[in-house]
Each structure stands twice: as C-alpha cells, then as structure tokens.
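The values are calculated or read from the model by the stated rules, or taken from the named source; none is laboratory data. Not measured: the values here are computed from a predicted model. Note that each Cβ is placed from the backbone with ideal geometry, even for glycine, and that neighbours are counted across all protein chains shown. The protein model used for the area step is the full one, side chains on, heavy atoms only, and it has no ligands, DNA or RNA in it. Shrake-Rupley method; radii C 1.70, N 1.55, O 1.52, S 1.80 Å.
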Amino acid sequence: MTNSTYGEPKSRELIAFRIGEQEFCINIMTVREIRGWTAATSLPHAPEYLRGVINLRGAVLPIIDLSVRLGLPSTEPTERNVIIVAQIAHQQVGLLVDAVSDILNFNEENIQQTPDIASDLVRMFIRGLLPVEGRMISLLSLDHVLPADALEDS
Amino acid sequence: MDSLDSIREVFFQECDEQLNELETGLGLIQTGATLADTINAVFRAVHSIKGGAGIFGLDELVNFAHIFETTLDRIRRGELATSPQVIQVFLRAADILSDFVNAARTDGVYNLAKSKTVISELKHLTSTDPALATDERLDEVSAETGLLKLPYWHIIFKPFPSLYAKGNETMLLLRALERLGTLDVKIDVSNVPELQNLDPENTYLSWKIALFADCTEDIIRDVFEFVEGDCELQISWIEGDTKSDGTFEQPDIDMSKFELFTLPQQVEETSAAAAMSTNNADQNLPDQQTSKTDTTQHVNATIRVDLDRVDRMINLVGELVINEAMLSQRVIEAGIARTSSVAIALDELEHLTREIQDSVMAIRAQPVRSVFQRMPRLVREVAAQTNKQVRLLMDGETTEVDKTVIERISDPLTHMIRNAIDHGLESPEIRVAAGKPAEGTVRLVALHRSGRIVVEVSDDGAGINRARVKAKATENGLISSDATLTDEEIDNLIFLPGFSTASAVTDISGRGVGMDVVRRSVQALGGRISIASRPGKGSTFTLSLPLTLAVLDGMVVTAAGHTLIVPLGAILETLQPRERDIHALDHNIRVLAARGGYIPMIDVAMLLGYRHQAIDPTKSVALLVECESGTRAVLLYDTIQGQRQVVIKSLESNYRAVPGIAAATVMGDGRVALILDVDAIITSTRMATARLERPRIEQTLMEVS
C-alpha cells in the first residue's frame, strides 16, 4: 500500500463525490470523464460489486458499484447517478457513484492517517482522510478496485 | 536515438519486402521466365538491401549481399545462364541473406560458418570463366565497374561556359547518349576550385563517359552536334578488359548513385521497354527511364500506417454504424414519415456508413502472399532434411484477407506443409517404384469462397494409411479396438490430441502435437479444417477461415432477459424440442433425441447464473451446436431475435476474460451484448458432470504435455 501509484497526489487536485451519506475523493489525474448512468449488461459469474459492462464509444467498460465495493449498502442506480471513468494502469473502469460534489485542492500534510481500528476493507481502499470545512472526505486508492486477477491477467 | 531506431525499423520492413521480391523473382526465374525485368528486380532487391545495410554499418550483411549481387550481375549481363543449379545456389543465398537480415534485426550475431559454403558456391559461379573473374573482383566496391570488361566508346566531355550560355544542358545530352546504349558516367570534379575562387559563370566540371553501344562514332557526334565548338569532346573506341584504365579511378563520383540514370540494362530490354511504353513516353526521357518511373510511381502508391491507427478507425466506424442505427430508431419512434426528407437523408447516411465500414475493413485486408512467400524456403529445408524431392506450386497469392488472419495462419500452414512433405510424400525411390515422378508436388492454393477464405494444402503422396492410423489410434487409446469407422472418420483421427503415426519422432514433425495444434489454432480463428485423402493419390487439407476477425456472424438470442450472441459457425440447427424427444439422464441432465443420437441439453441462462430454475425445454428455443472437438450439445434459450453481423469487442482490454463468454459487442441500441464461447460452455458442463470420457481426456492431455 505504501508504494501505491494510483491516487497518488501528483496533482494537487482531487475530485470529490458522494456515495450515500459519505464523501470520497480520488486524484483528478486518474479521471478520464464523467458521464450519466446507462443500463449495464451484467456479466455472468461476476463479483457482486461489478454492475456489468457498458459501451463507451466502442470500448467495453466495466462498471464498479463503489458502494458495494466499499461495503456500503447498495441501491439500484437511477438516471441521477454518475459514472466516473477512471484510468487504472492501462485499463479504464467506470465507478458508479451518487454524485460528484467538489473539486478540492489539497496538501499532502493535510491528509490524516486512517485509524488502524478500521476494517480491512476500509484500509484496502482508503489512503487517508481529509478534513474539509468540517466534512470528512476519504481519499481512495484505486489499486484494488478491480478484481485482483483482472490486473494480473493483463 | 528514436529517429534512428525508426529509420532502422523502416529499413528492416523494406528488407522484408525486398526479400519477398527476391524470393518471388527467383521463383519466376526457376519456372523458366528469364525476363530481363525479373532479373533486374532480383538484382535491385539485393542491391537495395546492401545499400541500406551499409548505412547501418552491417558489414557482414553488406559483404554477403555484395558477393550475391556480383553473381547476379553476371546473369543480368548474360554471362551466366540461369541453369537449375545456379538458381539453387541463388535460393540458398537468398535464405542466408534473410538470415543475415534477421540476425541484424535482433542484434544477434550471425554464424558465418553457414554462409561460407554459399559464398564459395557463389564465388565459384562468378569465376567459371577464368579470363573474367578473379577473387579480387569480388572485393570491388562497385559491381558496375565490371562493365569495363566489354568494349565501349570512351567519351570525354568538357563543356565551355558558352555551352550553358546558349541554353544547352549536359543532362539532356547524357540522356540522349543513354538512348544509344548503356552508360557509365563519371563526373570529374578535380578542377573545381575553392569556394572563394569559384566563378559562377565558369565551368569546372567534365564527364568521362563509357558508352556500351554498337554504333558508329558519327552517331555519337550527332548527339553533340548543337554544342560543337562549345565543348571539348574526345571520343575513342576502347576494346574490352581495360581494368587498368586510370580514367575511371576513384575519387570520381559515380553518377549512378544520384539516380540520374537507371542501372545499366541490357540493350534488348531497352527496346522491349520502348515498344511497351511508347504511348505514354515523355519525349524528353529515354524510354527505359520512363518505364522505370512508372514502376516507381506504382511502388509509391502505398503508405505505411501504424496498425493501431487503422484499428482505432475501425472502432470509430463501428461506433458510427451503431449511432446511425440508433438515430434511425429514434426517427421512426418520433413518428416521422418514411417519405419525409429527414428519413430519406437518413437512408443515404446509412448507405454511406456501410460503405465507409467496408472501405475501412478493406484497409486491413492484405494478400496472403506475405505468408505464402515464406513457404518455398520451408519446402527447401524440409525437403533437404527428409531427402525428398519436392516441388511447391502456389496459386492465389493475391487473395486478400484480414491482416490478423494472415498473421495467424502462418503457423498452421507451416505445420501442414511440413506434414505434407514429411508424412504425405514418399521417398523418391518409392515414388518411382509406384510409377510416379521422383519429384513430389505440394500445392498451396488460396481462394475466396462464399465470404470466407479457403486455403488448400495438397500433396501427390501416398495418402493416409488408414490401417496404420486406426491401429495407432487404438494403441493410443483414442478409439476402442472394436470400433467401426468410416474412411472419413479414420482420416479425421489424425486431428485428435496425442496422435502421431510417425514411428520415429523427427525434427520436422511427429511429436504428436502437429495436426491437433493446427486444428485448434484454426478453430481459434473461427475456421475449420478438413481432410480428403485418396490412397496412392495424395491428401488435401482444406482450411476455411473468416475473412476478418473484427466481425462475426451471430445468432441473437435472449436468455432470461439477457441478449446473447451465438457464433453462427458453431450452430448446426435450430430446433423446437418436443416433449417425447426429451429424456432425463439423471436428476439434472436431460438429453434430446435428435439426428439419430441423444444430445445433452444445456440451459444457458442457468449456466451463466442468470436464473436458478431451469427452463422448460418445450417452451424454449434450442440451438444444436457443435464445438471444435466435434462434441454436440443443445443450448436452450427463451427466444431467437435473429441473425446479424456483430463487431467483436474485447472484454479483456478493460476487464478480464469471463468464462463462457468469448467477447462482447455493441448492439444497435448502444448496449453491450455478450458473445457466447460455445466450446467453453460445453466443456464446463462436461467437467461439471464428470462424464465417462474423463479418463480419456486426461490420458490425451498427458500425452500432449
């Protein structure tokens, strides 16, 4: 986790989004585009957090339901949901979130350590916590968002 | 560094083209077509490789190419006949040249020992006439100087300033001279002063010209008629072998390097070319030059494009087609009349998009020649290893097929041709005893047939020894000893994994993976392979492949609300199962009586986890499919939507391979649909139910590995 490459604060800008009541952010440099929700084609024998695949200008884009991936309650997506298309290594994935809320400037020293009492799941994805105007925003690392063997295979 | 690397890359690409040219040319000469054009093409190919290699300092390659070129030059000048022996040496030399190029490409070191024999053979050819050639001759830098051994007109031409003042041009004079015969022109720059002393109005250059022409001095003087008095002109007749003539020593600049003139050519060819190109000849140019310009233009009519760019374009055009379909859909939904101008414009748009799609696909199409051209060498090598005499006949090299298909049929074809020679053809003695010519024939044919490309490899050998095949299959446990098989079934046994009839495992084939691998790689391309054999007459292997891997003909079906595509190639039949044909084998396997057998039924939606309650087969649509190993199954779906061509999209590029799914595609409504991997589905069912054949599968797997 310490030598993580993605979500690394190369740029000092983050994109913040909401899932349920919680706010998360990822490095803006990993974001390729943001688009509305379109119905996905589900894949057989896929993990629960994989909503399926959609057509992104001719490429097949897997859609990760971030709330399920992060162990949060899942809801059926509506037209108000948003897909953040992110680049992870040489693959692109769509992240299903509720809404994009903010673009943040941040300093590395502002990042608070994730308390080590947090669950494995939380520690797997959350690099740190950012206090912003009284809100707490979790900085996500996208390294492990895709199923492990998907990255190994490619 | 990058730019040099890319130049290097281009050089090697050109080398490949030149080597192909060389191989084609030698093949033509071998068939007896000793046209000057062909010989020149062969010579040029070697010459270009030599030139390029010189730039990159590939000395060994240059040396070898030079020796090769020198020998070819003798053919070109008619001093050496193109006898079969000579051509054999050339073919071997071409192989060595190609090895040199490959070694240089991979920065590998080429084992010179292998080239030594061929070098000495080549040298032997150049020195058959002891009066003409010595070993030093081979070390000459310019093969063109060899021309000096023939008698020629020696012309020294030194223009005065007045010549240019009157609007004359040396170039035109030289071209006029060239019309008389073959020229070797050297420019003498020794009188050119330092730049500060140079008077732009003065002339410092003079030319020394060797004219190989059978004409009188008057004719030559006629060329210079208009410049008489404005130049110094010496014309003398030199008899042959004036190698010591100092007038042509370095550091003269070899004008031919500047491409002002064609390489020296035979006079007969000039007249032949003249006869052919009088219609479009530019009167200012000698005819032979015109014909060369024509070929150059033809070559320049192609460009090299990175394959990624073409692929991106194909993707985008695929999107365009989908978007167009969506737009049409919306227009119809909006209730706009079919006769309205909007609908008509849309029709035109649809037409255009289809046309663009076809054109883009055509960009990727290439003639199979690139694969076919590797085969003569293979045949030579395998023939030498097996001590057989083989003649390779090829037809349909210009048949076009998608580049990816071309790349991937090379290995199967190599296997098949090896097999044809190693297993198919008999040794010369046996052939003669059987009343056949000692030289066996292998035919390689490509053609288009009903939207697919068909490649046939046939030999005139002994055909398949069915008794031996059957015995071997029994011995390997592939069939039971009491099985009764038709001839066709026996022939097809050779495609089974772990089958090999060769009693001794040779270098060439016979490891028992050959035809099985061929079959699998062909099927992975969506193709089929079949065999036809007649005892004593030979065998024919027929490959049938789709023209492109980018699109697929599929049956669109619905299973539990999901749209799926079943590749049409796997479907044998669509069925409506009837109650009385359905039998339960055990609690979860049911079979359908069809085509004289009991075929297991698979509910695809359940297998893919789309539903948990099996569908009632009588209310479903069934597709009888056959997988690559020949196993059949009946796949059950809810409905069939129809048949259509789909663009194949990879799931792996952004996700990973999904079991049971071959790829994805985008449907007309913009949604992704999945393409079924029929083989994987049948296999997974078989594994899950642990059929009786299991031990057999394991056994064959062990043999393969």
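In table form, for the structure just shown:
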item	result
Residue that is modelled with pLDDT of 75 or more, surrounded by fewer than 17 Cβ atoms within 10 Å (Cβ to Cβ) and either among the small types (Gly, Ala, Ser) or under 25 Å from the mean Cα position of the chain (by Cα) (or both), where the choices are B:Ala471, B:Ala502, B:Ala483	B:Ala471
Single unsatisfied condition, A:Asp98 versus (1) in contact (Cβ under 8 Å) with a residue 60 or more places away in the chain; (2) touching a helix residue (DSSP H, G or I) at 6+ places or on another chain (Cβ under 7 Å)	(2)
Qualifying residue in the stretch B:600-608 (condition: farther than 30 Å from B:Val360 by Cβ, away from chain A (no Cβ under 14 Å) and not in a loop (DSSP other than H, G, I, E, B))	yes
Members of the stretch B:378-396 found to be of a type in the set (D, E, K, R) and either crowded, with 17+ Cβ neighbours inside 10 Å or more than 16 Å from the chain's Cα centre (by Cα) (or both), listed by number	B:Arg380, B:Glu381, B:Lys388, B:Arg391
Hits in the stretch B:662-678 (condition: in a strand (DSSP E or B), aliphatic (A, V, I, L, M) and more than 7 Å from every other protein chain (Cβ to nearest Cβ))	B:Ala662, B:Ala663, B:Ile675, B:Leu676
Of all residues making up the stretch B:348-402, the number that are of a type in the set (Val, Ile, Thr) and without any contact (Cβ under 8 Å) to a residue 60 or more places away in the chain	8
Residue within the stretch B:609-625 that is in contact with a helix residue (DSSP H, G or I) (Cβ under 7 Å, 6 or more places away or on another chain), under 26 Å from A:Tyr49 (Cα atoms), open to solvent by 40 Å² or more (accessible area, probe 1.4 Å) and of a type in the set (Gly, Ala, Ser) present	yes
Hey, B:Arg468 in contact with a strand residue (DSSP E or B) (Cβ under 8 Å, 6 or more places away or on another chain) and assigned by TED's automatic domain parsing to the domain that holds B:Val390 or not	no
Residue under evaluation B:Val368, criteria (1) hydrophobic (A, V, I, L, M, F, W, C); (2) closer than 20 Å to B:Val457 by Cα; (3) open to solvent by 20 Å² or more (accessible area, probe 1.4 Å); (4) in contact with a Ser or Thr (Cβ under 7 Å, 6 or more places away or on another chain), criterion not met	(3)
Selected residue (only one of B:Ala657, B:Ala633 is closer than 29 Å to B:Val551 by Cβ and under 32 Å from the mean Cα position of the chain (by Cα))	B:Ala657
Odd one out for B:Lys50 among (1) within 26 Å of B:Ile303 (Cα to Cα); (2) in contact (Cβ under 8 Å) with a residue 40 or more places away in the chain; (3) of a type in the set (D, E, K, R); (4) surrounded by 18 or more Cβ atoms within 10 Å (Cβ to Cβ)	(2)
The stretch B:637-651 - residue that is at the interface with another protein chain (Cβ under 9 Å from one of its Cβ atoms) and open to solvent by less than 50 Å² (accessible area, probe 1.4 Å) and, of those, farthest from B:Gly318 (Cα to Cα)	B:Leu651
Residue among B:Leu180, B:Leu211 that alone is part of a loop (DSSP other than H, G, I, E, B) and open to solvent by less than 60 Å² (accessible area, probe 1.4 Å)	B:Leu180
Residue tally, condition touching a strand residue (DSSP E or B) at 6+ places or on another chain (Cβ under 7 Å) and under 19 Å from B:Thr639 (Cβ atoms), over the stretch B:583-610	7
Test set (1) within 14 Å of chain B (Cβ to nearest Cβ); (2) of a type outside the set (Phe, Trp, Tyr); (3) surrounded by fewer than 17 Cβ atoms within 10 Å (Cβ to Cβ) - A:Thr78 fails condition number	(1)
From the options B:Ile565, B:Ile615, residue that is in a loop (DSSP other than H, G, I, E, B), touching a residue at least 12 places away in the same chain (Cβ under 8 Å) and of a type in the set (A, V, I, L, M)	B:Ile615
So A:Ser101, is it part of a loop (DSSP other than H, G, I, E, B), away from chain B (no Cβ under 13 Å) and open to solvent by 10 Å² or more (accessible area, probe 1.4 Å)	no
Residue tally, condition over 48 Å from the mean Cα position of the chain (by Cα) and closer than 26 Å to B:Leu316 by Cα, over the stretch B:331-355	1
Extreme residue, modelled with the lowest pLDDT, among residues of the stretch B:437-450 that are closer than 30 Å to B:Asp358 by Cβ and assigned to a strand (DSSP E or B)	B:Arg449
For B:Asn654: the one exception among (1) touching a Ser or Thr at 6+ places or on another chain (Cβ under 7 Å); (2) within 14 Å of another protein chain (Cβ to nearest Cβ); (3) crowded, with 20+ Cβ neighbours inside 10 Å	(1)
Residue count for the stretch B:321-365, restricted to those that are open to solvent by less than 30 Å² (accessible area, probe 1.4 Å), of a type in the set (D, E, K, R) and more than 19 Å from B:Pro546 (Cβ to Cβ)	1
Unmet criterion (only one of (1) more than 14 Å from chain A (Cβ to nearest Cβ); (2) open to solvent by less than 30 Å² (accessible area, probe 1.4 Å)) for B:Leu585	(2)
Any chance A:Arg51 is within 14 Å of another protein chain (Cβ to nearest Cβ), open to solvent by 40 Å² or more (accessible area, probe 1.4 Å) and outside any loop (DSSP other than H, G, I, E, B)	yes
